[in-house]
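The values are calculated or read from the model by the stated rules, or taken from the named source; none is laboratory data. All values reported here derive from a predicted model rather than from experimental measurement. For neighbour counting, all protein chains shown are included, and Cβ atoms are generated from backbone atoms with ideal geometry for every residue, glycine included.
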Amino acid sequence: MEEGSAVDEEVLEEKVIKLASSMGVSLRADDISVVHCLGKPRDREHPVIVRFCRRKKRNALLRRKGELKKKDSRVFINEDLTPLRSAMRRMVEEQAGVKNVTTRNGKILAWLTDDPNRAIEINTPDDLNKVGIVTPDWKRLQMDHIAWVNFA
């Protein structure tokens, strides 16, 4: 793809609808609010971001994303997280003793190897201690500019 050319939104819509169908999710063009490529054009496929008109359709697709692993697909589906939550998720994934990590509605869910049946919800940097991160790397979380005051 050459610099300046854009992938037609309708073509991307059709690709998303076809992918959803292969995962067992019924999706129509009017279920999609916006779809476009992210980043600069490269030789390989672009990451694509999709905004759905209905949360129900988005959640249905996210629930079925495991179907892609079964098909040995090179396609990945993830929620678009804030930079803070994205950094927190990476920190949790790297933590020893964490078996699995996923997100649901922007919340990070982690399962520990000690207790794989109980999901631990992580919403704030303070919640990182639930998975053993006692002192988070504030710089990595882009929060090193904040001054913490203890009034105790």
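Looking across segment 37-54 at every residue that is surrounded by 11 or more Cβ atoms within 10 Å (Cβ to Cβ) and farther than 16 Å from residue 78 by Cβ, the one that is modelled with the lowest pLDDT is identified as 41.
Per-residue answers, yes or no, for (1) touching a helix residue (DSSP H, G or I) at 6+ places or on another chain (Cβ under 7 Å); (2) of a type outside the set (A, V, I, L, M); (3) in the same structural domain as residue 38 (by TED's automatic domain parsing); (4) closer than 21 Å to residue 47 by Cβ:
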residue: 86; (1), (2), (3), (4): no, yes, no, yes
residue: 108; (1), (2), (3), (4): yes, no, no, yes
residue: 115; (1), (2), (3), (4): no, yes, no, no
residue: 119; (1), (2), (3), (4): no, no, no, no
residue: 128; (1), (2), (3), (4): yes, no, no, no
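Is it true that some residue in segment 99-114 is in contact with a Pro (Cβ under 7 Å, 6 or more places away or on another chain), part of a helix (DSSP H, G or I) and farther than 20 Å from residue 27 by Cβ? No: segment 99-114 contains no residue that is in contact with a Pro (Cβ under 7 Å, 6 or more places away or on another chain), part of a helix (DSSP H, G or I) and farther than 20 Å from residue 27 by Cβ.
Determine which member of the set 50, 75 is in contact (Cβ under 8 Å) with a residue 12 or more places away in the chain, touching a helix residue (DSSP H, G or I) at 6+ places or on another chain (Cβ under 7 Å) and in a strand (DSSP E or B).
Working: 75 fails: in a strand (DSSP E or B).
One residue alone meets the criteria, 50.
Here are 105, 100, 78: which of them is in contact with a Phe, Trp or Tyr (Cβ under 6 Å, 6 or more places away or on another chain), loosely packed, with under 15 Cβ neighbours inside 10 Å and either of a type in the set (Gly, Ala, Ser) or modelled with pLDDT under 95 (or both)?
Values: 105 fails: in contact with a Phe, Trp or Tyr (Cβ under 6 Å, 6 or more places away or on another chain); 78 fails: in contact with a Phe, Trp or Tyr (Cβ under 6 Å, 6 or more places away or on another chain).
Just one listed residue meets the conditions, 100.
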